[in-house]
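Here is the structure we will look at.
All of the numbers you see were taken from the coordinates with simple rules; none came from a lab. This one's a predicted model, so the numbers in the text were calculated from it and none came from an experiment. Heads up, the Cβs are rebuilt from the backbone with ideal geometry, glycines too, and the neighbour counts pull from every protein chain shown.
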Amino acid sequence: MTIGLLMLAGSAFTLYLAYNGSIFLQWWALAIIGTLVCGGAALIGIGLLGSHSLVDKWADAASSHEASVVLMVISFPVYCVLKPFYQTR
C-alpha cells in the first residue's frame, strides 16, 4: 500500500503541476504519469479491499529480484527529496 500511495500522490502532484501550467509535459509523459496514477490507485485498492491470500501473492511477487529493481526506481525520487533533511553536519 505504501508504494501505491507513493505512486498515486507523486503522479497526481505532477499532473496538478502540468494542469496549472507550472511544468510542460509531452503527451507520452502525461500518459505514463496517468498510468502511474491508475496503478497506484489499483495497489491501494488491492491493499484495502483485497483478500488476504491475494495480498500475500502480490507481496511474494514484489519480493523477487526483478521487482526489487522496479521498487528502487520508484523509491529513488523520495530518497532525493528526503536526503537534504538527513545530511550529517
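Annotations
- For the pair A41 and S75 in one chain, pulling the backbone fully straight at 0.36 nm per residue adds 10.6 nm over the alpha carbon distance.
- Computed from Cα positions, the angle between helix 52-62 and the longest principal axis of the chain comes to roughly 60 degrees.
- Site pair L5 and L49 shows an inter-label distance of 1.9 nm when each label is modelled 7 Å from Cα along Cα→Cβ.
- Only helices enter the 222 nm calculation for the chain: every DSSP H run of n ≥ 4 contributes -39,500 (n - 2.57), and dividing by all residues gives -27000 deg cm²/dmol, rounded to 500.
- Length gained on full extension, N20 to A61, computed as 0.36 nm times the residue gap minus the Cα-Cα distance: 11.0 nm.
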